[in-house]
Amino acid sequence: IVLPLVVGRRLKILNSDRITADTKTIRVQVLAEEGFNPHTHVAVDSVQFGAPAAVDFGRGCRPIASEQSGRHLVLTFDAAGSGITDDHFAAKLIGKTGTGALLFGYARLPGVDYSPYEVKP
């Protein structure tokens, strides 16, 4: 059996502040790429977003709105239930395409220091 390769999609979190328990909504931009139109390829009602460990087990938050942003798609999620804590540096989106194929991607979280180690010459 040969399974098709599923390519992770490029995502960008539009919130500028760190995601905390007080965060009300999370806005995520699903970026258009060659051969991938998020407006037609994303089954918005199937999408979940949040901490990878939450999303991998059917939890996470669900979209409450979607909008077009040029070629890209912006999904707004109710942040409750995202599972994102200070221990996380990335969030995960998982869902289906319009044809039922797997859709996933990761996004860097805002306000996280991605270079915590000092580089010595």
Q. Can you tell which of THR97, THR76 is touching a His at 6+ places or on another chain (Cβ under 7 Å) and of a type in the set (Ser, Thr, Tyr)?
A. THR97
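Condition first: out of contact with any strand residue (DSSP E or B) (no Cβ under 9 Å at 6 or more places or on another chain) and either at pLDDT 95 or above or of a type outside the set (S, T, N, Q) (or both). Now tell me which residues in the range 17-36 satisfy that.
Scanning the range 17-36 gives ASP17, ARG18, ALA21, ASP22, THR23, GLU34, GLY35.
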Q: Go through the range 84-109 and give me each residue that's outside any loop (DSSP other than H, G, I, E, B) and touching a helix residue (DSSP H, G or I) at 6+ places or on another chain (Cβ under 8 Å).
A: ALA90, ALA91, LYS92, LEU93, ILE94, GLY95, LYS96, THR97, LEU103, TYR106
Q.
When you scan the range 77-98, do you find a residue that is within 22 Å of TYR114 (Cβ to Cβ) and hydroxyl-bearing (Ser, Thr, Tyr), even just one?
A. yes
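The values are calculated or read from the model by the stated rules, or taken from the named source; none is laboratory data. Since the model is a prediction, treat every value here as computed from it, not as a measurement. Reconstructed Cβ throughout: ideal geometry from the backbone, glycine too, with neighbour counts over all protein chains shown.
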